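Undergrad: This structure is in structure tokens; I'll ask about it shortly.
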Amino acid sequence: MTAAAELTPTQYIGHHLSFNAKPVGDGAFWALNVDTLVTSVLLGIIGIGFMWWVVRGATAGVPNKRQAFVELAVGFVDEQVKGVFHGDRRFIAPLALTVFVWVLLMNSMDFLPVDWVALGTHHISEHGFRIVPTADVNTTFALALTVWGLMIFYSIRVKGLGGWIHELFCAPFGIKPAWMAPLLMCFNLLFNLVEYISKPLSHSLRLFGNMYAGEIIFLLLWMMAATSLAGTAFAALLGLGWAIFHILIVVLQAYIFMMLTIVYVAMAHDSH
């Protein structure tokens, strides 16, 4: 009998959506999700290793298949950056490529059957490893907050600390007429604070929500397959359709996260 048949639906989903969390210190608030961290780091190493392998074998003549594939990916990302950001792309383009490849690899872990993963990692953790890092809100928030930090850094670097503070209080509504300046400055600050807070929230929760929902749907289909022969056939048909559609979601979410990264950093270079 399969794991899905031995557990209730709630227990089965909870079993596979539990993290291998290790508390930090004596308190219960801070904890490290070991499975998320290990998988993220390993996928980052794999991505860097693949790029290094391609670069090492690159030739000036006719490129081989892997070199041509990477050149297409690099050219595609560079074109996206060029269409949004009109300054020096020596940092922004590699940043966008890194974000796209890493998020794409993390999203792709959703294609591995959860029971197979749990079976192979149950000796490490009671619930096995949860190997979709982007289905962990801590991962997506960490990525979004990193981009948010870069946005603030470039805002101060390009406009100066005084210029950035001036923009916070004087844009987008201005401060004229003068007798309304204090009220307008308050409105400007509140408006900019809402914008600064909403960016990392929307940036992170969009990716997390899509990948988490994908996990839930795969688990529900897997439970349906365990009910009966007819359920297995129906779940297999639905699962095939959802897997094909999920390929689009995996790639599209990585692309959207990359594009928002480019847009936010580009906005930091612009003045109202």
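Undergrad: So for the stretch 53-68 (the condition being in a helix (DSSP H, G or I), within 19 Å of Met259 (Cα to Cα) and either modelled with pLDDT under 95 or hydroxyl-bearing (Ser, Thr, Tyr) (or both)), does at least one residue qualify?
TA: Taking the stretch 53-68 and keeping what is in a helix (DSSP H, G or I), we get 53-56, 65-68.
Going one step further and asking which of them are within 19 Å of Met259 (Cα to Cα), we end up with none.
Checked against the condition, which is being in a helix (DSSP H, G or I), within 19 Å of Met259 (Cα to Cα) and either modelled with pLDDT under 95 or hydroxyl-bearing (Ser, Thr, Tyr) (or both), the stretch 53-68 yields no hits at all.
Undergrad: Taking the stretch 48-82 only, how many residues are free of Cβ contacts under 8 Å to residues at least 60 places away in the same chain and within 23 Å of Val250 (Cβ to Cβ)? Please lay out each step first, then the result.
TA: So in the stretch 48-82, the residues free of Cβ contacts under 8 Å to residues at least 60 places away in the same chain come out as 48-76, 78-79, 82.
Okay, now just the ones that are also within 23 Å of Val250 (Cβ to Cβ), so 48-51, 53-54, 65-66, 68-76, 78-79.
Adding up the residues that qualify gives 19.
A quick yes/no check of all residues on (1) surrounded by 15 or more Cβ atoms within 10 Å (Cβ to Cβ); (2) farther than 22 Å from Asn107 by Cα:
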| site | (1), (2) |
| --- | --- |
| Ala230 | no, yes |
| Leu238 | yes, no |
| Phe245 | no, no |
| Ile249 | yes, no |
| Gln253 | yes, no |
| Phe257 | yes, no |
| Thr261 | yes, no |
| Ala266 | yes, yes |
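Undergrad: Take the stretch 58-86 and flag every residue that is acidic (Asp, Glu) and surrounded by 15 or more Cβ atoms within 10 Å (Cβ to Cβ). It would help to see each step written out before you state the result.
TA: Of all residues in the stretch 58-86, those acidic (Asp, Glu) come to 71, 78-79.
Hit for the stretch 58-86 is Asp78, nothing else.
Undergrad: What number of residues within the stretch 221-240 are under 26 Å from Ser18 (Cβ atoms) and free of Cβ contacts under 8 Å to residues at least 40 places away in the same chain?
TA: Residues of the stretch 221-240 that are under 26 Å from Ser18 (Cβ atoms), as a first pass: 221-227, 231-232, 235, 238-239.
Keeping just the survivors that are free of Cβ contacts under 8 Å to residues at least 40 places away in the same chain gives 221, 224, 231-232, 235, 238-239.
Final tally of qualifying residues: 7.
The values are calculated or read from the model by the stated rules, or taken from the named source; none is laboratory data. Because the structure is a prediction, the values reported are computed rather than measured. Glycine also receives a Cβ, built like all others from the backbone with ideal geometry; neighbour counts cover every protein chain displayed.
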